[in-house]
Amino acid sequence: MLGLMQKQPLLVSNLLSFAERHHGDSEIVSRRVEGDLHRCTYRDVARRARQLANALDAWGELPGARIGTLAWNGYRHLELYYAAGGSGRVVHTLNPRLHPEQIVWIVNHADDQALFFDLTFLPIVQAICKQCPGVRHWVALTDEEHLPRDTGIPGLLAYESVLAEHGDDYSWPEFDENTACGMCYTSGTTGHPKAVLYSNRSSVLHAYAASLPDVMALSARDVVLPVVPMFHVNAWGIPYSAPLVGAKLVFPGPGLDGKSLYELMESERVTFAAGVPTVWQMLLTHLQTHSLRFSTLQRTVIGGSACPPAMIDTFERDYGVRAMHAWGMTEMSPLGTLATLKSKHDGMDESLKRTLLAKQGRAIFGVDMKIVGDDGRALPHDGQTFGDLYVKGPWVVEGYYRQAGEGPLVNGWFPTGDVATIDEDGYLQITDRSKDVIKSGGEWISSIAIENLAMSHPGVAMAACIGMPHPKWDERPIVVVARRPGSTVSREELLQHYHGKAAKWQVPDDVIFVDAIPLGATGKMLKTRLREQLKDYRWPGA
Ligand code: ADP
């Protein structure tokens, strides 16, 4: 028997309409490429998104058309999310940090019909436009006054002029909630990137889940700063969750350095911010160097790569900010887990609490997780046994767009490529990316654990642990370290630092100092590049 409740589809347009109706005066503040701080409200964004949807209709873009963006976090990017996704089209966020050749490949693979870009990325667009014949509309996210001339980009338009030509009289269409609304390619650290196609349903469900009290705990009282880019996994869904609760949004635009972020957080009274560890490292260094404090920041979500426990401690101890470790991936919209304590942990020893909170977090309703061994059998959730992590749920990928072959699922589960433990309460700990696992004399060594220990040394800014082929032990770990400015920490000191903190056989055999650890387009350490750089490495004494 079917239930007798209304079958209203879950559509992203409803999120913006809700925010417009009930939080119409909540502010959206954006640092712009033009250099100023722009202020508007959900009411303005909703009106302009409707104007843009009218423009897309007038251009004859069909349902399902891919609308590409090369843009920072800002109100215009938010309008694009909703104008495209809400009208039955797909906002395809491109990562401007990729190589132009890769961007060309992605634009053509996705078959983008329009490309909207911030002026920062004009040189990229000039470099690629001739090789993207499918793109019919090139639009710079600026006004006529700032529109560059003689760019060589065919028919280049100014965004504000496009909007000005269209009224805001537009009704968001109703359609199947499984209709696509967004698209994001994985980073493609191995082979070509793969396209994940989010649906209206998956995005709305993810937005609900992300806002829950044990997850990001978002509310209308929050001032939310997504530092994590809207061009990478929808800024962790914040462009959907913030309107769902009516939170004020603060967009940093291109200003991602510690000073710009700090000033914006203070002037706009930010309460909640989300970003990857490398960005927070820059922010913390800025605070430490200038002896600054946060006056309003309460919580921050840190994820995308392993957050060193030392960073969580610094936020908590030195600044009174709750740093919540989260794990997810492009294929998961992206949220999988987030670390918060349960009430039964209240009386727990402080160091045990810290150990729990340093994990990647516990299961959220909507994401089922299991770990399996080499034989494909499920392993126990005892917090000790580790295995390949599989997930399933309504905002987990089912298949990649335009990828031939069988698709990624194994008996309905998505293999994440991560190796992890899960404990009885569902707390997940990622020990490695499966391709980074180090196997030494038949024992596994977690590269993340070795990196975290190195980064708990005050002289270390960043550390990457990789396995090197070894004549006796198959592989042994070495740690590549970028020192903090002014630090003179030596190889011996660092190796000594491990003693008593890791089993003897887990202590790296060597330390290599570099000026900087190479980072990929999403701010993660590029171990493939490091391995290339170290291909001529010889063991000391060999
Ligand atoms: P990519 O396209 O490189 O896969 P994602 O952002 O989707 O980009 O990366 C997802 C991967 O990032 C995860 O599978 C995991 O390996 C890593 N990751 C994300 N968050 C964390 C975290 N908190 N700790 C450790 N690894 C993480």
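No value in this document is a laboratory result; all are computed from the given coordinates. Please read these numbers as outputs of a predicted model, since none were measured by experiment. Cβ placement follows ideal geometry from the backbone for every residue including glycine, while neighbour counts extend to all protein chains displayed.
No other residue among Ala114, Ala84 is touching a strand residue (DSSP E or B) at 6+ places or on another chain (Cβ under 6 Å), under 19 Å from Cys184 (Cβ atoms) and in a strand (DSSP E or B) apart from Ala114. Of everything in the stretch 291-342 that's over 20 Å from Ile422 (Cβ atoms) and of a type in the set (Lys, Arg), which residue is farthest from the ligand (Cβ to nearest atom)? My answer is Arg293.
Residues being more than 16 Å from the ligand (Cβ to nearest atom) and buried (at least 19 other Cβ atoms within 10 Å of the Cβ): count how many of those fall in the stretch 508-525.
From the stretch 508-525, those more than 16 Å from the ligand (Cβ to nearest atom) are 508-516; that's our starting set.
Those still in the list that are buried (at least 19 other Cβ atoms within 10 Å of the Cβ) too: 508, 511.
Adding up the residues that qualify gives 2.
Within the stretch 372-387, identify whether any single residue is closer than 27 Å to Arg529 by Cβ and either within 16 Å of the ligand (Cβ to nearest atom) or free of Cβ contacts under 8 Å to residues at least 12 places away in the same chain (or both), and answer yes or no. Can you show your working first?
Pass one, the stretch 372-387, residues closer than 27 Å to Arg529 by Cβ: 386.
Now restrict to residues that are either within 16 Å of the ligand (Cβ to nearest atom) or free of Cβ contacts under 8 Å to residues at least 12 places away in the same chain (or both): 386.
The answer is yes, given that some residue of the stretch 372-387 is closer than 27 Å to Arg529 by Cβ and either within 16 Å of the ligand (Cβ to nearest atom) or free of Cβ contacts under 8 Å to residues at least 12 places away in the same chain (or both).
The strands (runs of 3 or more DSSP E) falling completely within the stretch 346-442 that include 1 or more residues that are within 30 Å of Phe315 (Cα to Cα) map to 361-363, 368-372, 387-392, 414-422, 427-433.
In the stretch 169-214, the residue that is nearest to Lys342 (Cα to Cα) out of those that are free of Cβ contacts under 8 Å to residues at least 60 places away in the same chain and more than 16 Å from the ligand (Cβ to nearest atom) is Pro213.
Sub-8 Å Cβ pairs linking a first residue in the stretch 46-65 that is among the aromatic types (Phe, Trp, Tyr) to a second residue that is surrounded by 14 or more Cβ atoms within 10 Å (Cβ to Cβ), at least 6 apart or interchain, are Trp59/Ala114; Trp59/Arg136; Trp59/His137, ordered by first then second residue. Within the stretch 8-52, the set of residues being under 19 Å from Ala83 (Cα atoms) and polar (S, T, N, Q) comprises Ser13, Asn14, Ser17, Ser30, Thr41, Gln51. The condition of being within 24 Å of the chain's Cα centre (by Cα), of a type in the set (Gly, Ala, Ser) and assigned to a loop (DSSP other than H, G, I, E, B) holds for only one of Gly523, Gly486, that being Gly523.
When Arg48, Arg39 are checked against the criterion of being under 20 Å from Ala140 (Cβ atoms), of a type in the set (Lys, Arg) and more than 22 Å from the chain's Cα centre (by Cα), Arg48 stands alone in meeting it.
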